[in-house]
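Chemist: Structure incoming, see below.
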Amino acid sequence: MKGPQDLFTMSREADNRHYVRRVVLPSGKTIEVVYFDENTALDAIERPGLTEVGPDLHVCGTCSSDLVFPVEWDEAGTSHWEVTLRCPNCEWSGTGVFEQGVVERFDEELDRGTEALVRDLKRMMHANMEDEIERFVVALESDHILPDDF
């Protein structure tokens, strides 16, 4: 799990007294949020919102499918995200505001799902290639491939 130092860095401009919070989004993109209110920026340092409790966003509350995915997400304050979710099984969709830690766990679950899909894709590509090679060998052995085919 990422620590607070990975989530943002704070810098202070002496003349403007504003703070810049660098946020790494669940997608991996980085944005900078500028705070002009000193109290808001200090709250972001003191309470980064890294909790381990909360809902599993990848599980649908309607049909219990574990395939729920984000449609859209936006920062909602210093330590929360507004996330629109959709379930492909029952077509449920909804929007909620969740703590940073909950969204990070969701992002990690999405990463695991992506890795599983890539593994399955590689296995399928390998199986398809083996099948194509076997058919090609049978066609060669049966004289179904002629010089005119090239």
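Chemist: Report the calculated FRET efficiency for T84 and E132 (r = Cβ-Cβ distance, R0 = 41 Å), to the nearest 0.05.
Modeler: FRET efficiency, T84 to E132: 0.50.
Chemist: Also: Heavy atoms only, 1.4 Å probe, whole protein assembly: order F98, F150 by accessible area, highest first.
Modeler: Sorted by accessible area, descending: F150, F98.
Chemist: If packing is taken as the average count of other Cβ atoms within 10 Å, what order do 85-91, 126-132 fall into, highest mean first?
Modeler: In descending order of packing, they fall as 85-91, 126-132.
The values are calculated or read from the model by the stated rules, or taken from the named source; none is laboratory data. Owing to the predicted nature of the structure, the values given are computational and were not obtained by experimental measurement. Every residue, glycine among them, receives a Cβ derived from its backbone with ideal geometry; neighbour counts consider all protein chains shown. Side chains included, ligands, DNA and RNA excluded: accessible areas come from the protein's heavy atoms. Shrake-Rupley method; radii C 1.70, N 1.55, O 1.52, S 1.80 Å.
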